[in-house]
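The values are calculated or read from the model by the stated rules, or taken from the named source; none is laboratory data. Nothing here was measured: the structure is a model prediction, and the numbers come from that model. Note that we place each Cβ from the backbone using ideal geometry, even for glycine, and neighbour counts take in every protein chain shown. Areas reflect the complete protein model, heavy atoms only, side chains present, ligands, DNA and RNA absent. Shrake-Rupley method; radii C 1.70, N 1.55, O 1.52, S 1.80 Å.
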Amino acid sequence: MGEKSQELMEKIVSLCKRRGFIFPACEIYGGFANAYSFGPYGAELKNNIKRLWWKKFVHAREDIVGIDGPILLHPKLWEASGHVSGFNDAMVDCKKCKKRFRADHLVEELTGEDMEGRLEDMSKTLRDLKAKCPACGESDWTDARNFNMMFQTEMNGFDGTVYLRPETAGAIFSDFKNVTDSMRVKIPFGIAQIGKAFRNEIVAGNFIFRLREFEQMEIEYFIEPDADWQPLFEKWLDLQEEFALEIGLRKEDISRYEHPKEKLSHYSKKTIDTMYNFPFGVKELYGIAHRGDFDLTQHGKMSGEKLEYFDEGKNKRYVPHVLEPTFGVERSVLAALLSAYHEEEVKGETRVVMKFPKKIAPIHVAILPLSKKDELVDPAKKIFHDLKTSFVSEYDETQSIGKRYRRQDEIGTPYCVTVDFETLTDKAVTVRDRDSMEQERIKIEELVGYLKKKFEE
Ligand code: ATP
């Protein structure tokens, strides 16, 4: 990571902790496993991103329904999907310091080559090139070997290993029959889900980019086997980018990476990742894959249930093919934080401002009385209570007005409403715009309407 990028990441991590967005989990116990907690503003931001996604891909469409399936699913499902046998990453241990690494990542950093799946080649490359351990600098490696990334657990009343789901898609396929039986879906149609996924990543890191417990927003979009899928695939790619722009990412930071044909799973016709220019490199933000009929066929075979669709119009029964657009929640949050971060010179001082799109800002409006005197606090609290029914609002009477503006800028609040002594006579307040810092005097009785209009812009 370049110095500047490193500095930006450090600023984001520090702002997130200082301002209640994201905290290292279990800090009082010395931290735990590169995990993070979303604090009050982080939880709002994350929920806003999830809500926006649900609104865009479920509520605003006629062809997609949403479900909410369990995290613990029948282990046969993970056998059918290939996760039990094949959901592996290559790991290697440093014999000197005992630290563990992704073998494919070390090799790729050294040679630029993607050796995914070629364990022997990875071991040989690390030895031949005398790869240095990133932790201790020595070069004494074990062989690279596969590590299954599913977390295992036990369940009362069930004999055998149970897994925490490594992706949300599984529940969608296992509910395919129930959804088609109970809903009036007509092909092409999608089933969407937002929820936790768990992967025992060999190395977690880069803040919330690679976690072991994270959330996904996924859609299985079912199409006719002989449908002209290319335009649909393209459309989904565009929608993924559109969503990224809606949460504030800049177009120039977004790119695409098509997985080479020879690397694709046998059932996949095409896979393209939407990439984001993170400070630590251009990395996967979202993905979309054409998975053919692999999943429904596999789950059909393993379960003994026919997972087919009856096309009334064509009087035909078939196993649909599926396009799978998938979005990471935490990667969206991280990219949104990075894109929102701005430093500006104002009157010789640096102002840090998070320019989130208004609809994902954790707090919409802050109400700030200029003094703690009852004559201002009382009307300010009244305004606060009135605004709370329409906007996520915050009331703050502590510290100087300058410091309160700084705080609201740093959490990205689009509007600050100040109540001053003039308010008592002119029944108006000052509304300050986060981005332009312009201030406008607005009558209290017109405030809700004024702000509503601003949020519609
Ligand atoms: P990577 O190559 O970065 O490990 P992947 O290709 O394994 O990712 P997918 O299986 O396609 O990822 O998962 C779908 C989405 O879930 C990704 O696009 C990403 O946004 C998110 N995601 C995957 N793994 C993690 C993780 N460990 N932490 C946070 N988000 C993740």
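Between S182 and E7, the C-beta separation translates, for a Förster distance of 41 Å, into a calculated FRET efficiency of about 0.20. Compared with the direct C-alpha span, the chain from E138 to E246 gains 34.3 nm at full extension, assuming 0.36 nm per residue. Simple rule: put +1 on each Lys or Arg Cβ and -1 on each Asp or Glu Cβ in the chain, find the dipole, and look at A244, V203, A380; the Cα lying farthest toward the positive end is A380. Computed from Cα atoms, the angle from the helix 401-411 axis to the main principal axis of the chain rounds to 20 degrees.
Within the straight-line cut-off of under 16 Å between alpha carbons, the lysines reachable from K373 are K381, K382, sequence neighbours fewer than 8 places apart in one chain being disregarded.
In the chain, carbon and sulfur make up what percent of the accessible area (probe 1.4 Å)? Carbon and sulfur together cover 48 percent of it. Of K46/K130; K50/K270; K4/K355; K17/K76, which pairs sit farther than 31 Å apart, going by alpha carbon to alpha carbon? Distance filter (> 31 Å) returns K46/K130; K17/K76.
On the basis of the beta-carbon distance and an R0 of 56 Å, K314 and E375 show a calculated FRET efficiency of 0.15.
Taken along the Cα-to-beta-carbon direction at a fixed 7 Å, the label points for C26 and S85 span 3.5 nm. Computed over the range 340-435, relative contact order equals 33 percent, with contacts defined as Cα pairs under 8 Å that lie 6+ residues apart.
What net charge is computed for the residues neighbouring S400, neighbours being all others with C-beta under 13 Å from the C-beta of S400, Lys and Arg scored +1, Asp and Glu -1? Mind showing how you got there, number by number?
Working: positive: K372, K403, R404, R406, R407; negative: D396, E397.
Here the count lands on +3.
Given their separation in residues at 0.36 nm each and the Cα-Cα distance between them, K306 and E284 gain 4.5 nm when the chain is fully extended. How high is the relative contact order of the chain? Use alpha-carbon pairs under 8 Å, at least six apart in sequence, and give a whole percent. Worked out over the chain, it gives 13 percent. Only Cα pairs under 8 Å and 6+ residues apart enter the sum, and on that basis the relative contact order of the range 90-148 stands at 45 percent.
Cross-linked pairs K56/K372; K56/K269; K95/K269: Cα-Cα separations exceed 31 Å for K56/K372; K95/K269.
Solvent exposure of the range 122-163 amounts to 64 Å² per residue of accessible area, where only protein heavy atoms count and the probe is 1.4 Å. A 1.4 Å probe run over the protein chains yields, for the range 363-456, 50 Å² of accessible area per residue, whole-number rounding. Note on S303: accessible area is roughly 70 Å² with a 1.4 Å probe, heavy atoms of protein only. For the range 34-101, the solvent-accessible area works out to 50 Å² per residue, with a probe of 1.4 Å and every protein chain left in place. Here the range 169-201 and the range 417-435 have alpha carbon centers that stand 49 Å from each other. Across the range 3-15, rounded Karplus estimates of 3J(HN,Hα) from the backbone phi angles (6.51 cos²θ - 1.76 cosθ + 1.60, θ = phi - 60°) give 4, 5, 5, 4, 4, 5, 4, 4, 5, 5, 4, 6, 4 Hz, Gly and Pro being marked x. The long axis of helix 294-303 is offset from the longest Cα principal axis of the chain by roughly 70 degrees.
A simple spin-label model places pseudo-atoms 7 Å from Cα toward Cβ; at E343 and T153 they are separated by 4.3 nm. The separation of the range 229-270 from the range 1-69, counted between C-alpha centres, amounts to 22 Å. Put a dot 7 Å past the Cα of E258, heading toward its Cβ, do the same for L110, and the two dots end up 3.2 nm apart.
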